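Working notes, structure below.
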Amino acid sequence: MSLPEPEVPAVATALAARLRELVAADPHRPMVTEDPGGATATRAEFDARTNRLARAFAARGVGRGDLVSIALPNTAAHLECSVAAWKLGAVPAPLSARLPAAERDAVLAVAAPALVVDGALPDTSGFGDGPLPDVVGPSWKAPTSGGSTGTPKVIVAGQAGCVEHVLARADGLRIDRDGVFLCTAPLHHNAPYMFSLMALLQGHHVVLMGRFDAARTLELVGAYGATWLYAVPTMMGRMLRLPEQDWAAADVSSLRTVLHVGAPCPPQVKRGWIERVGAETVFEIYSGTESQSGTAIDGRDWLARPGSVGRVVRGEMRVCDDDGRELGPGETGEIWMRSGGAPTYHYLGAEPRERDGWESLGDMGSFDSDGYLYLADRRSDMILVGGANVYPAEVEAALTAHPGVRDAVVVGLPDADYGSVVHAVVQGDPDVAARLPAFLDDRLARAKQPRSIEVVDHPLRDDAGKVRRSEIAARAADAARRATTGRATG
């Protein structure tokens, strides 16, 4: 497969050269640690392993510009595969190791990788561990997206595999030099994958959690002196709900940045973290994997503008109505983006939603008069109730404000009268459904209030905070149909 060649600086530093610099500076400094178990690779060990692995990949036909699909759990081997691909000028493509066979096959059909690593790594015992010739690949990553919709796509980054491109945003993400990065989420998701690799290149000691656990995360921050913590709001909420003795025993004084992304953060969760680690430490960004543009905000600005995801710090962004007319402050519409420069990505298996050079990821939101963005929801998730737009994120935030609710997911169900009505699935106390209507009366307009509430005792989102609304809506609609049929025939 031939990938587009991006523009690169006149002097482009290969990513392998950066790793050699780190090894020369401190060969015995830890580079990657796995938890559980604590297995650690030093910089020198990691560099040697990836040199051998790159040669093993090459022996299997991998070359510059080829995709290498990596379907492994959160281990050092996952990152080793990415770096080995870089050393050949190939493009690492992370893939969930838990995908059902049909979804996996669909993604691989789109990606057409030269190699799939989905179990034990190739045998490297016969290959040397000395440096390889430096190569700058046409892209540094190619994550997947959209598998849950049945239309998977691969998002190939528009940045070449060189230091000047990959680390261009490191300062803006507060990924400084030689820190300790705690990765809490699966590496097949773009954000933790991207941040982990950038941290690696900045000389961080990267600590990988095999699976998120709230209490263990607190322990690891203190045990390794983590300076940079990645989380999603679901994780943040779980950690805040830990017993006070867990927090009392924890040492989070090393944290300089707690960055969250991936979903709207409930205000009480944001405030809880600001109280725990300080407003200057909590940092939020909004962007897509496509990276056309993005916003950022720290806790201090957020306290002045609760609910905002910040001002545009990269590229361009505007909010438009269905006819493409740009909307003014306070008006909710679809968010459109453009990079204002070189392409930041290209799709395999899909076409962008584009209008006059602007692209949309389907998110809805509004700007205030000072240029701060407030997200509403995805266009595809919006529920139209009797002609009124209802955004699930707003309803979910109101539901999770109740002390008896740990999490909530809101979907629309068909209704003969209103077209759609709001249905809520909440993880919480068994009797919380009876207490929620009165609680919501003062918080939501009547059209936004759930017509039906289902209470469950299991998590609604995965460790990365993702939820499959389409599946929840289908199950709820099926249950409603069965109930109606039962009443009609009983």
Taking a ≥ b ≥ c as the square roots of the eigenvalues of the Cα gyration tensor, with a/c under 1.5 meaning rounded and otherwise prolate when a/b exceeds b/c and oblate if not, the range 382-489 is rounded
Take every Cα pair under 8 Å in the range 382-489 that's 6+ residues apart, average their separations, divide by the length, and report that relative contact order as a whole percent.
-> 25
What GluC sites (Glu not before Pro) does the range 228-307 have in DSSP loop regions with at most 16 other beta carbons within 10 Å?
-> Glu280
Using only alpha carbon positions, build the gyration tensor of the range 15-375, then give the equivalent ellipsoid semi-axes as the square roots of 5 times its eigenvalues, largest first, whole angstrom.
-> 32, 27, 18
Relative contact order of the range 15-375, defined on C-alpha pairs under 8 angstrom at six or more residues apart (%) = 13
Taking θ as phi - 60°, what are the ³J(HN,Hα) couplings along the range 450-464 by the Karplus curve (6.51, -1.76, 1.60), each to the nearest whole Hz, with x for Gly and Pro?
-> x, 6, 9, 10, 10, 9, 10, 10, 10, x, 9, 10, 7, 5, 9
The set of residues whose placed amide H lies less than 5 Å from the amide H of Gln159, leaving out same-chain residues fewer than 5 positions away, is Trp140
Could you pull out every one of the lysines with an alpha carbon less than 27 Å from that of Lys87, ignoring same-chain neighbours closer than 8 positions?
-> Lys141, Lys153
Measuring from the longest principal axis of the C-alpha atoms of the chain, the long axis of helix 469-489 (C-alpha) lies at a number of degrees, nearest 10, equal to 30
Rounded to the nearest 500, what is the 222 nm mean residue ellipticity of the chain from helices alone, with -39500 (n - 2.57) per DSSP H run of 4+ residues and division by all residues?
-> -9000 deg cm²/dmol
What is the helix-to-structure angle for 267-277, meaning the angle in degrees between its Cα long axis and the longest Cα principal axis of the chain, kept from 0 to 90 and rounded to the nearest 10?
-> 40
Under Karplus coefficients 6.51, -1.76 and 1.60, residue-wise ³J(HN,Hα) of the range 111-127 in Hz, glycine/proline x = 6, 6, x, 6, 8, 10, 9, 9, x, 5, 5, x, 5, 10, 5, x, 10
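The numbers here are math on the coordinates, done by the rules we state, and not lab data. Nothing here was measured: the structure is a model prediction, and the numbers come from that model. Cβ: placed from backbone, ideal geometry, glycine included. Neighbour counts: every protein chain shown.
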